[in-house]
1. Looking at this structure, is A93 at pLDDT below 95 and either among the small types (G, A, S) or within 15 Å of the chain's Cα centre (by Cα) (or both)?
2. Across region 71-102, what is the number of residues that are open to solvent by 80 Å² or more (accessible area, probe 1.4 Å) and under 16 Å from I178 (Cα atoms)?
3. Could you tell me which residue of region 37-65 is nearest to the chain's Cα centre (by Cα), considering only residues that are open to solvent by 10 Å² or more (accessible area, probe 1.4 Å) and small (G, A, S)?
4. Give region 23-36 a look and list any residue that's under 24 Å from Q140 (Cα atoms) and open to solvent by 60 Å² or more (accessible area, probe 1.4 Å), or say none.
5. Could you check region 26-54 and list, in sequence order, the residues that are outside any loop (DSSP other than H, G, I, E, B) and of a type outside the set (G, A, S)?
6. If you take the residues in region 103-125 that are among the aliphatic types (A, V, I, L, M), open to solvent by 20 Å² or more (accessible area, probe 1.4 Å) and under 21 Å from S180 (Cβ atoms), which one is nearest to the chain's Cα centre (by Cα)?
7. Do the conditions hold for L170, that is, is it in a helix (DSSP H, G or I), open to solvent by less than 10 Å² (accessible area, probe 1.4 Å) and aliphatic (A, V, I, L, M)?
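The values are calculated or read from the model by the stated rules, or taken from the named source; none is laboratory data. Please read all numbers here as calculations on a predicted model, not as lab measurements. Glycine also receives a Cβ, built like all others from the backbone with ideal geometry; neighbour counts cover every protein chain displayed. In case anyone asks, the SASA skips ligands and DNA or RNA and just uses the protein heavy atoms, side chains included. Shrake-Rupley method; radii C 1.70, N 1.55, O 1.52, S 1.80 Å.
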Amino acid sequence: MKAGMGCCQSCRPTRLDLRGHGASRRTPGPYALSDFVDDAISLLDHLKVARASIVGFSLGGLIAQAIALAHPDRVDSLTLISTVGGRTSDEQARVDERAKTLAQEGPLTHLANAVDRWFTPEFVASNPEVLETRRQKSMQNDPDCYVAAYRVLAGNDLGGQLSEVRAPTLIMTGENDIGSNPRMSQFMHDQIANSELHILPRLRHSVLLEAPGPVAELIEPFLSTYCGR
């Protein structure tokens, strides 16, 4: 999914729909990054989870960074998948342009334009049903909420603060991911002292859909070390 975040304590996974996504309430925007952080911490409080291993993909990875910075006492470990940090001015200009196009043309057009950025050509050719399922899920999102969430992704970058992250961190992205590129993942790895980095060969942005097995092979042993410490 474009925006996702999961928490795991004692290897018990808990997934949440971000506001404006999935079955979450259609809360009108605009949103701030801190709103998503507060949502996640409120859920942990509701579940009576004192500490968790936080896993975030794309926008969820940005939110995971923000949780680790704002609530370090709640984080056992951090997994950042296909996410952003330390954008260059050119990279920021490109994501600003995508946010503008999304606001003008809507999520479905955005999704259609993003297929080549998210998936390898061979995956697109051999898995039309996966793309159709992804399209159907996008149709379930409130368009205004989706735009508001994307603006949070486009408008925030925590690269300058990542040296403050103390949680053990697993970082990964696709070799050919344009928006969450290997340079940014290397930057995050360089900034976070206790981190490891994996660049997944050939893959683009949607590593969770295209390569769930290789991703799980990296995440599972990492979480088994840190969940519920």
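1. So A93 does not fit the description; no.
2. Here the count works out to 4.
3. S42
4. Residues satisfying the conditions are A23, R25, R26, P28, P30.
5. Hits for region 26-54 are L33, D35, F36, V37, D38, D39, I41, L43, L44, D45, H46, I54.
6. The extreme case among them is V115.
7. When the stated conditions are applied, L170 does not pass them.
The rows are residues; the columns are (1) touching a helix residue (DSSP H, G or I) at 6+ places or on another chain (Cβ under 8 Å); (2) open to solvent by less than 10 Å² (accessible area, probe 1.4 Å); (3) in a loop (DSSP other than H, G, I, E, B).
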| residue | (1), (2), (3) |
| --- | --- |
| Q161 | yes, no, no |
| R166 | yes, no, yes |
| I178 | yes, no, yes |
| M188 | yes, yes, no |
| E217 | no, no, no |
| P221 | no, no, no |
| S224 | no, no, no |
